[in-house]
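Chemist: For reference, the structure I am asking about is given below.
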Amino acid sequence: ALDQIRRLAAEIRSAAVRTEEQILQASDRVTAGESVIRASAEALTQIDREITGARDAVDRIVDAADSQRAEAEALAHEIEALAASAEMNAATAQEVSAVVQEQTAAMSSVSTSGQHLAQVAERLKSLLARFEI
């Protein structure tokens, strides 16, 4: 019976040593798993920061694009206004050209009439010279 107790005590001691080794291995695995979880949490936090940074950059790009669109629209309106002004200036220039042509024609007519009157005056003068007063 004493041998049996010694054998049982040795088996219990052996089982206790194995159990302790298994507990230590499990503890090591838990510690390793904890390290992996911490590293994963840090990586996810960094990813979240980078996503936030990217989102902020996209927001700034959208704001800049909106601003450029507004400036482009304002520029387009200015160009349209300049085009309208250029059209009005062209129309005014055509009107002035037409008036100048009319004045040139009128001056030519006046010149022709003046020459005709000068010829008539010369004839009258020569006719008057025949008469003695």
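Each value in this text was obtained by applying a stated rule to the coordinates, not by laboratory testing. Please read these numbers as outputs of a predicted model, since none were measured by experiment. When we count neighbours, we look across all protein chains shown, and the Cβ atoms used for this are built from the backbone with ideal geometry, even at glycine.
Chemist: Multiply the residue gap between Thr52 and Arg38 by 0.36 nm, knock off their C-alpha separation, and tell me the result in nm, one decimal place. Could you put the intermediate results ahead of the total?
Modeler: Numbers: separation 14, 0.36 × 14 = 5.04 nm, distance 2.09 nm.
Here the answer is 2.9 nm.
Chemist: If one computes P(r) from the Cα atoms of segment 7-133, what percent of pairs lie at distances over 19 Å?
Modeler: Working: 6557 of 8001 pairs.
Tail fraction, whole percent: 82.
Chemist: Springs between alpha-carbon atoms under 10 Å, Gaussian network over the chain: tell me which of Ser85, Ser111, Ser67 tops the mean-square fluctuations.
Modeler: Maximum among the listed residues: Ser111.
Chemist: Around Gln115, what is the net charge, scoring Lys/Arg as +1 and Asp/Glu as -1 over all other residues with Cβ under 14 Å from its Cβ? Let's see the in-between values first.
Modeler: Values: positive: Arg123; negative: Glu122.
Local charge sum for Gln115: 0.
Chemist: Grab the DSSP H runs of the chain that are 4 residues or longer, score each as -39,500 (n - 2.57), total them, divide by all residues and round the 222 nm result to the nearest 500 deg cm²/dmol.
Modeler: Result for the chain, helices only: -37500 deg cm²/dmol.
Chemist: Compute, for the chain, the length of the dipole vector about the Cα centre, with Cβ point charges of +1 (Lys, Arg) and -1 (Asp, Glu) only. Units Debye, rounded to 20.
Modeler: 240
Chemist: Efficiency by 1/(1 + (r/R0)^6): what FRET value for Asp59 and Ala81, r their Cβ-Cβ distance, R0 = 25 Å, to the nearest 0.05?
Modeler: In this case the efficiency is close to 0.15.
Chemist: Using +1 at the Cβ of each Lys and Arg and -1 at the Cβ of each Asp and Glu in the chain, identify which of Leu75, Ala129, Ser40 lies farthest towards the dipole's positive end.
Modeler: Towards the positive end, the residue furthest out is Ser40.
Chemist: Here is a further query. If you plug each phi of segment 98-113 into the Karplus form 6.51 cos²θ - 1.76 cosθ + 1.60 with θ = phi - 60°, what whole-Hz ³J(HN,Hα) values come out, in order, with x for Gly and Pro?
Modeler: Taking θ as phi minus 60°, the curve returns 5, 5, 4, 4, 5, 5, 5, 5, 5, 5, 5, 5, 5, 4, 4, 5 Hz for segment 98-113.
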